[in-house]
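Have a look at the structure below, then the notes.
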Amino acid sequence: MPTSSSRLAYEDCFEILDMAIDDDAGARIKVADKRDAISLRVRLHTARRIDREQNMLTYQEDHPLHGKSAYDRLVIRIKELEEAYYLYLEKITRNVNVEPLSEVAQLEAPRPMKLINPPREVPVQRLTWRRV
C-alpha cells in the first residue's frame, strides 16, 4: 500500500524534523526494534519529500527553497547501540578538506616503486601434446 501524500499524516514527523533542525547537532529517537526504525525513517523521508513538493508550489523558481526542503540538511541513520535501536537525525556539518587529485598529483613527486618480494627464476617446463 502506498504511503499517504497528505502533510497532516506526518505531523509527528515534522515535529521530529523541527526538533532536529533546531538543535546544533540534530536529534535521536529510541525505537522498539529495527523494523520500527525502518518504518519511521521511511515516514521521515516521505515528510521531507512532501515539504519539497510544497515548497515548489509555495516559492518561485529563483528562491533558494524552491523544490528543496530545510530538512535536506539532515542525514537520517539507524544505529544499534547496546542492544537498542535509535534513529539519528544528524545535521550535515562535516568540515572536510577536499583536494582535486590533479592538483595533488602535481605537488607529489613520483617515487620509484620497489618490489618487496622480487620474482624468482622459475624453470620453464615444455609441454608435449599427444593424441588420445
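Would you call residue 20 in contact (Cβ under 8 Å) with a residue 60 or more places away in the chain and part of a helix (DSSP H, G or I)?
Values: in contact (Cβ under 8 Å) with a residue 60 or more places away in the chain: yes; part of a helix (DSSP H, G or I): yes.
It is true that residue 20 is in contact (Cβ under 8 Å) with a residue 60 or more places away in the chain and part of a helix (DSSP H, G or I).
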Problem - Test for residue 41: is it part of a strand (DSSP E or B), surrounded by 15 or more Cβ atoms within 10 Å (Cβ to Cβ) and either in contact with a Cys (Cβ under 8 Å, 6 or more places away or on another chain) or among the basic types (Lys, Arg) (or both) - result: no
Completion exercise
Selection from the stretch 23-45 of residues small (Gly, Ala, Ser) and without any contact (Cβ under 8 Å) to a residue 12 or more places away in the chain yields 39
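None of the figures in this text is laboratory data; all of them are computed from the coordinates on show. Because the structure is predicted, anything quoted here is derived from the model rather than measured. Glycine also receives a Cβ, built like all others from the backbone with ideal geometry; neighbour counts cover every protein chain displayed.
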